[in-house]
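> Sending over a structure as structure tokens; questions will come in a sec.
The values are calculated or read from the model by the stated rules, or taken from the named source; none is laboratory data. Small disclaimer: the values here were computed from a predicted structure and weren't measured. FYI the Cβ positions are ideal-geometry reconstructions off the backbone, even for glycines, and counts take in every protein chain you see.
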Amino acid sequence: MKIIPSQKHIYSFSGQAQPVEEVYPGEQVIFETLDALGGNHKTIDFSKVNPATGPVYVNGAKPGDTLVVRVKRIELPKNGIIVTGKGFGVLGDEVEGFHTKELEIERWAVLFDHIRIPVHPMIGVIGVAPAEGEYPTGTAHKHGGNMDTREITEGSTVYLPVFHEGALLALGDVHATMGDGEVCVSACEVSAKVVVEVDVAKEEIKWPMVETSDAYYIVVSLPNIEEALKEVIRGAVWFIQRKKTIPFKDAYMIASLCVDIGISQLVNPNKTAKARIPKYIFSEV
């Protein structure tokens, strides 16, 4: 099993990035990651946030394919950190100064003073090289990136559109726990060890997707949350229509009956919306 050390990381996703390792479909890889602040907990340097370990070249991945990333294990440290301050997050105009708080991580809980918050390890940043130009690792779009989606956790599978040969996969910004929205600008930020299995599917998707045991999620990130919500609904209807081979109007009505629309994060340059599509609608009666 190949190990990608945290020293090999990027701050932007780009087709020009040089791969640090080469892997084959079906191979497992260990990504050792830095926390979102790169270990600097005294201030935030926005040019050095969300370091993503990699990128890794996946043999056989070609433009138009889908990169399949199965999250096998996320190993957490014993401590994490949360930060906020003036101008940070949804209510940043109501905060003065810069604030950090160290958080102890137990097996089942993150401790905030005497409050025990359930541990929920997740990957904040996971993505590939975008179709054109480059995106900072703090920004999400069609290539993935800083989606901050809670469902990207142990046991889930992430699907990413491939735009360049080898895909150029990188990941980081692991959280020990996070609420949907990540409203103060950060979660329980940690360094971590992430074990994934990579594969390639010869089909095309428009936006990143996540599969869990009981649902599929479409994940859309755009500058405006209203635009992201509309596009994620369109993506959900399109997915149902294609998978069930039914008319648009029927897929649209099914979506209204059982698809849940949510928000992953509201604090990054592009805001992220998600649509939960339950698997039971695809079961044959």
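> Which pairs have Cβ atoms under 8 Å, sit 6 or more apart or on different chains, and link a residue in the range 237-254 that is touching a residue at least 12 places away in the same chain (Cβ under 8 Å) and part of a helix (DSSP H, G or I) to one that is among the aromatic types (Phe, Trp, Tyr) and surrounded by 13 or more Cβ atoms within 10 Å (Cβ to Cβ)?
Here the result reads VAL237/TYR252; PHE239/TYR216; ALA251/TRP238, each pair linking the range 237-254 to a residue that is among the aromatic types (Phe, Trp, Tyr) and surrounded by 13 or more Cβ atoms within 10 Å (Cβ to Cβ).
> Is the range 237-249 home to any residue that is of a type outside the set (S, T, N, Q) and either buried (at least 24 other Cβ atoms within 10 Å of the Cβ) or in contact with a strand residue (DSSP E or B) (Cβ under 7 Å, 6 or more places away or on another chain) (or both)?
Residues of the range 237-249 that are of a type outside the set (S, T, N, Q), as a first pass: 237-240, 242-244, 246-249.
Within this subset, residues satisfying the condition of being either buried (at least 24 other Cβ atoms within 10 Å of the Cβ) or in contact with a strand residue (DSSP E or B) (Cβ under 7 Å, 6 or more places away or on another chain) (or both) are 239-240.
There is at least one residue in the range 237-249 that is of a type outside the set (S, T, N, Q) and either buried (at least 24 other Cβ atoms within 10 Å of the Cβ) or in contact with a strand residue (DSSP E or B) (Cβ under 7 Å, 6 or more places away or on another chain) (or both).
> Quick check on my filter: what residues within the range 52-73 are at negative phi and surrounded by fewer than 24 Cβ atoms within 10 Å (Cβ to Cβ)? Working first, answer last.
Kept after step one, since they are at negative phi, are these residues of the range 52-73: 52-53, 55-59, 61-63, 65-73.
Result: TYR57, ASN59, LYS62, PRO63, ASP65, THR66, VAL68, ARG70, VAL71, LYS72, ARG73.
> Mind checking whether some residue in the range 28-42 is more than 21 Å from VAL119 (Cβ to Cβ) and modelled with pLDDT of 95 or more? Break it down stepwise before answering.
In the first step, residues of the range 28-42 are kept if they are more than 21 Å from VAL119 (Cβ to Cβ); the result is 28-29, 38-40, 42.
After this cut, where a residue has to be modelled with pLDDT of 95 or more as well, the list is 28-29.
Yes, the range 28-42 has at least one match.
> I'd like to verify a number: residues in the range 5-50 that are in a strand (DSSP E or B) and touching a Lys or Arg at 6+ places or on another chain (Cβ under 7 Å), how many? I'd like the intermediate steps shown before the answer.
In the first step, residues of the range 5-50 are kept if they are in a strand (DSSP E or B); the result is 9-10, 12-14, 21-23, 28-33.
Adding the requirement that they be touching a Lys or Arg at 6+ places or on another chain (Cβ under 7 Å) leaves 21, 23, 28-30, 32.
Summing the residues that are in a strand (DSSP E or B) and touching a Lys or Arg at 6+ places or on another chain (Cβ under 7 Å) in the range 5-50 gives 6.
> Still on this model: Looking at the range 184-198, which of its residues are buried (at least 19 other Cβ atoms within 10 Å of the Cβ) and out of contact with any Ser or Thr (no Cβ under 8 Å at 6 or more places or on another chain)?
GLU189, VAL190, VAL196, VAL198
> Please go through the range 179-214 and pick out each residue that is within 20 Å of ALA273 (Cα to Cα), among the hydrophobic types (A, V, I, L, M, F, W, C) and touching an Asp or Glu at 6+ places or on another chain (Cβ under 7 Å).
Of everything in the range 179-214, just one residue is within 20 Å of ALA273 (Cα to Cα), among the hydrophobic types (A, V, I, L, M, F, W, C) and touching an Asp or Glu at 6+ places or on another chain (Cβ under 7 Å), namely VAL210.
> Let me ask you something else. Can you report the number of residues in the range 4-45 which are of a type in the set (Val, Ile, Thr) and either out of contact with any Gly (no Cβ under 7 Å at 6 or more places or on another chain) or under 25 Å from GLY87 (Cβ atoms) (or both)? Quick ask: steps written out before the conclusion?
The first filter runs over the range 4-45 and keeps only residues of a type in the set (Val, Ile, Thr), leaving 4, 10, 20, 23, 29-30, 33, 43-44.
Those left that are additionally either out of contact with any Gly (no Cβ under 7 Å at 6 or more places or on another chain) or under 25 Å from GLY87 (Cβ atoms) (or both): 23, 29-30, 43-44.
So the count comes out to 5.
> Here's something else I'd like to know. Exactly one of (1) within 17 Å of the chain's Cα centre (by Cα); (2) over 26 Å from GLU154 (Cβ atoms) is unmet by ARG73. Its number?
(2)
> On to the next question. For the subset of the range 250-285 comprising residues that are of a type in the set (Ser, Thr, Tyr) and buried (at least 22 other Cβ atoms within 10 Å of the Cβ), which member is farthest from GLY144 (Cα to Cα)?
To start, the set of residues in the range 250-285 that are of a type in the set (Ser, Thr, Tyr) comprises 252, 256, 264, 272, 280, 283.
Those still in the list that are buried (at least 22 other Cβ atoms within 10 Å of the Cβ) too: 264, 272.
Details: SER264: 13, THR272: 10 Å.
In this case the residue turns out to be SER264.
> I would also like to ask the following. Considering the range 194-228 alone, what residues qualify as being hydroxyl-bearing (Ser, Thr, Tyr) and either on the phi > 0 side of the Ramachandran plot or part of a loop (DSSP other than H, G, I, E, B) (or both)?
Quick first cut of the range 194-228, residues hydroxyl-bearing (Ser, Thr, Tyr) only: 212-213, 216-217, 221.
Within the range 194-228, THR212, SER213 meet the criteria.
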